Every structure is written in structure tokens, then in C-alpha cells.
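The values are calculated or read from the model by the stated rules, or taken from the named source; none is laboratory data. Here the structure is a predicted model, which is why all the values come from computation and not from measurement. So basically every Cβ, Gly included, is an ideal-geometry build from the backbone, and we count neighbours across all protein chains shown. These area figures cover heavy atoms from the full protein model, side chains too; ligands, DNA and RNA do not enter into them. Shrake-Rupley method; radii C 1.70, N 1.55, O 1.52, S 1.80 Å.
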Amino acid sequence: MTTSTYLVRCGTARVAVHGDNTVVKPLLDACHPWFTATPCPQRPPTGLWTIRLDARPRGRAMASRTGTAVHLEPDQRTLHLPPPSAPAAARPHIRLLRALLRRQLAAHGEVFLPAALLSIHDRGLALLGPTHTGKTSTLLATLHRRDHSRFVANDDSSLHLRTGTVLGRGYPRAVEVRHATLPHLGAAAGPLAAAAQPDSPDDALCLHPHQVAIALGTGLASDVPLVALVVLGTAPTQPTLTRLTPDDAEQALTTHADDADPYETWLAPYFPTARTPRTHLSRIARTVPTWHLAQPLTALPRSAELLAQLATHPGGHQ
């Protein structure tokens, strides 16, 4: 058995992962490109959170909701998890890794949103809206119809404000496509159904983003500069785009701003508790053009065309 330690990065956040290469490498491959991993030949830096994958738990059992046992050593920074039995069984490990990285990013002002995110010619579009407004369907329809498009995130994104720009970031997370929406996806429905995981629920297709990319003939990206934020709504006939004022855009962001990690609440004492500053949301709303897209799901091809136009002309569609 050959064990290795890898330093896993997402933006400025870092976590060390240690274990047998036969389980660590598939786990890290499933997290690529959102998390990058490099071998760590020496001991991880002091104070860095470390996940150790081993069959012998050590430390105190934690009330984890990941779906696997989690033990915390007395050093308060080392976690022990049983190694996944197969790549498909690594979801709990990815969830915990994601929680540790996202909590670090939140401490530095990252804004988390239940938004879908795609790239067209390296220009990012974020699709924001309540459940059942068609975020996933609109994302998939646009990816399927546009060349030079890449999948960044589905229903789980964050925004990082930089000087003059906003970076949209994605995370490794499964994509669920409800069976009821498949007829609206046209030619994309067949490849997605063929690529779906065998253990998908009865009412939906479950796919890893890598499977989505292969099925739709598109690429993957970890992040992308955001050129437009699109708030989704419903319409009875044809899709329509309406530009929002910065105040309305700020209100939309405030309404939908999410916790970095609402599940592993036992981690809260180890990270600063910080709500997203209103000033961050205001600056994002005044940096990125924000639109309201009212659409019926029966007109997804037209919505995809409107979004492609926004990628080229984010300040006003042509």
C-alpha cells in the first residue's frame, strides 16, 4: 500500500488529504477541475485542516451529515474518515472536503448562491432563481446549443469580488434533471438519459458534471469572470429579458444569498461566523449587469439564444 498526502486548493482555501493512492486519486479526480491537488512531500503546514482516509477511526465522533463516520483528533484540525469502497462511494468525502474549503472562502468574503453557472467563450453567466424556475434546464439547454461553452456549476456557485470584476466559482456536485423537464430539452434529453447514473432516483436523472459534459459535448471550468447575472422567472409564451436596476439586483442577491455550508454545523466553532456583508452584495450588483429572464420551459431554445447574446453584449442584448 502506497500512501500520499495532497494539498487541495480552491481559490485561497487549502485542505490536506492523506491516504492510500488507490482511493485518494479517484477522489481528487472527481473534484477536478474545481479543486486542484498537488503532492505534499513534507508534513502539511501547521494549522491546516487534514483529512485522513483510514480504516481505524481516531478521536471524537462528530455529528456529520455527510453520510459517513467522521472523527476529529484532539489537535482540532485532523479528521479521520473510512476510505471509500469505490469512486461512486466517495460522495460523503467530497461533501466534507467542500465544506472545509467553502467555510474558508466565506471567511474571506466569498458570496454563495444557489445559482447555475456557465461559460461561453470564457464569459460567465450566472442563472439565479427559486426552485422550479428552470435553472438546470436552462443551463443544459444553453450548453447543448452553444459552441465554446463550458459547465461551471449547477445550483451551487459562489462569487468573489475582485478589482473591477466578479469571479464566478463552481463546486463538485451531482446534477439532477427531473424527468418532467426532459421533453423541453429536445435533442439533449437522449444523451443525458444514456449517461445517467444507475442509482438515479425514480423521478430524476442523476449525473456527475463530468458525465454532463461528455453527454452534451461541452467542457468543464472551475471558475469564470462573470459578465451577466440572470434572475429567472416564468412567462406564459415567449422569453423576455428585462434589465434590472442596481437596487433591484442587490435585492435579488440579498434574497438568494446562501450559507457556505448549511450541513456540517459542528464545524462552526472552528471558523469565523460571518454573514455576507451588505456592501459586498451592493458592489457585485453595481459591477455585473443583472437581468430578469421570464420564460416558459417550452421555449428553452429561444432562452439559450438570448443568453448567448448576453455573453457577447452583457450590457444590452441585440
Practice task
Of the numbered conditions (1) of a type in the set (Gly, Ala, Ser); (2) in contact with a Cys (Cβ under 9 Å, 6 or more places away or on another chain); (3) without any contact (Cβ under 8 Å) to a residue 40 or more places away in the chain, GLY190 fails exactly one; give the number of that condition.
Solution key: (2)
Problem - Selection count where residues are touching a helix residue (DSSP H, G or I) at 6+ places or on another chain (Cβ under 9 Å) and either modelled with pLDDT of 95 or more or open to solvent by 20 Å² or more (accessible area, probe 1.4 Å) (or both), scope the range 1-26 - result: 18
Exercise for the section: Of the numbered conditions (1) crowded, with 17+ Cβ neighbours inside 10 Å; (2) under 28 Å from ARG102 (Cα atoms); (3) not acidic (Asp, Glu), GLN197 fails exactly one; give the number of that condition. Expected result: (1)
Practice task
Name, by its number, the condition in (1) without any contact (Cβ under 8 Å) to a residue 24 or more places away in the chain; (2) surrounded by 18 or more Cβ atoms within 10 Å (Cβ to Cβ) that does not hold for PRO209.
Solution key: (1)
Exercise for the section: Scan the range 306-315 for residues that are open to solvent by 60 Å² or more (accessible area, probe 1.4 Å) and touching a residue at least 40 places away in the same chain (Cβ under 8 Å) and jot them down. Expected result: THR312
Completion exercise
By residue number, the members of the range 143-165 that are outside any loop (DSSP other than H, G, I, E, B), of a type outside the set (D, E, K, R) and crowded, with 20+ Cβ neighbours inside 10 Å are LEU143, HIS144, SER149, PHE151, VAL152, ALA153, SER157, SER158, LEU159, HIS160
Handout entry: Given (1) touching an Asp or Glu at 6+ places or on another chain (Cβ under 7 Å); (2) open to solvent by less than 30 Å² (accessible area, probe 1.4 Å); (3) in a helix (DSSP H, G or I), index of the condition PRO92 fails
Key = (1)
Practice task
Please enumerate the residues belonging to the range 111-142 that are open to solvent by 10 Å² or more (accessible area, probe 1.4 Å), within 14 Å of the chain's Cα centre (by Cα) and either closer than 18 Å to PRO225 by Cβ or β-branched (Val, Ile, Thr) (or both).
Solution key: THR136
Exercise for the section: Consider ASP29 carefully, then state whether it is under 17 Å from PRO92 (Cβ atoms), open to solvent by 40 Å² or more (accessible area, probe 1.4 Å) and of a type outside the set (Phe, Trp, Tyr). Expected result: yes
Problem - Residues of the range 236-289 classified as modelled with pLDDT of 90 or more, more than 20 Å from the chain's Cα centre (by Cα) and among the charged types (D, E, K, R), total - result: 6
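Results for (1) free of Cβ contacts under 8 Å to residues at least 40 places away in the same chain; (2) among the hydroxyl-bearing types (Ser, Thr, Tyr); (3) open to solvent by 20 Å² or more (accessible area, probe 1.4 Å), shown as yes or no for each residue.
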site	(1), (2), (3)
SER222	no, yes, yes
ALA249	no, no, no
HIS256	no, no, yes
ARG278	yes, no, yes
Completion exercise
How many residues of the range 66-83 are in a loop (DSSP other than H, G, I, E, B) and on the phi < 0 side of the Ramachandran plot? The answer is 10
Exercise for the section: Return yes or no: is HIS108 assigned to a helix (DSSP H, G or I) and out of contact with any Gly (no Cβ under 7 Å at 6 or more places or on another chain)? Expected result: no
Exercise for the section: Could you tell me whether ALA126 is free of Cβ contacts under 8 Å to residues at least 60 places away in the same chain and assigned to a strand (DSSP E or B)? Expected result: no
Handout entry: Evaluation of ALA63 against (1) under 18 Å from GLN104 (Cα atoms); (2) part of a loop (DSSP other than H, G, I, E, B) (one fails), failing number
Key = (1)
Fill in the blank from the handout: Counted residues in the range 52-73 being in contact (Cβ under 8 Å) with a residue 60 or more places away in the chain, open to solvent by 50 Å² or more (accessible area, probe 1.4 Å) and in contact with a helix residue (DSSP H, G or I) (Cβ under 7 Å, 6 or more places away or on another chain) come to 1
Exercise for the section: Mind telling me which of the residues ARG178, ARG98, ARG102, ARG173 ends up being of a type in the set (Lys, Arg), at pLDDT 95 or above, at negative phi and open to solvent by 20 Å² or more (accessible area, probe 1.4 Å)? Expected result: ARG98
